[in-house]
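Colleague: Input: one structure, supplied below.
The values are calculated or read from the model by the stated rules, or taken from the named source; none is laboratory data. No experiment lies behind these values; they were computed from the predicted model shown. Using ideal geometry, Cβ is built from the backbone for each residue, glycine included, and neighbour counts are taken over all protein chains shown.
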Amino acid sequence: MDEHCIEAVELLYHYLDGELTDARRGLIQNHLDDCPPCFQAYDFEAELRIVVRQKCRDHVPESLMLRVAAALRDVEGDEE
Ligand SMILES: [Zn+2]
């Protein structure tokens, strides 16, 4: 992962939480369009959030958050 990826992943969490401005959303979207590993991470997290919200409302089990973190580490490892 280059520094743009790290920044994008960090912003991703805010993006999914709906806490970003439209300008920052645009920056992330541009990065995702150009960076398949980040796009896959986004896809995974977005789907996970939907499932978690439907099943658990606002409570996210720690085990799920750990799996998200592990998935992001896998994306990072793919570039080696
Ligand atoms: Zn990236």
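Colleague: For segment 1-23, which residues satisfy the criterion of being of a type in the set (D, E, K, R), over 14 Å from the mean Cα position of the chain (by Cα) and more than 11 Å from the ligand (Cβ to nearest atom)?
Modeller: Matches in segment 1-23: ASP22 only.
Colleague: I need a count of the residues in segment 12-33 that are modelled with pLDDT of 80 or more and surrounded by 11 or more Cβ atoms within 10 Å (Cβ to Cβ).
Modeller: Qualifying residue count, segment 12-33: 9.
Colleague: Something else about it: Could you give me the residue pairs with C-beta distances under 9 Å whose first residue belongs to segment 63-80 and is exposed (fewer than 11 other Cβ atoms within 10 Å of the Cβ) and modelled with pLDDT under 75, whose second residue is not in a helix (DSSP H, G or I) and not small (Gly, Ala, Ser) wherever it lies, and which are 6+ apart or on separate chains?
Modeller: As it stands, the answer is GLU79/MET1; GLU79/ASP2, since those pairs meet every condition given.
Colleague: Quick check on my filter: what residues within segment 1-42 are in a helix (DSSP H, G or I) and of a type in the set (S, T, N, Q)? Can you show your working first?
Modeller: Applying the first criterion (in a helix (DSSP H, G or I)) to segment 1-42 yields 3-17, 22-34, 36-42.
Passing the criteria: GLN29, ASN30, GLN40.
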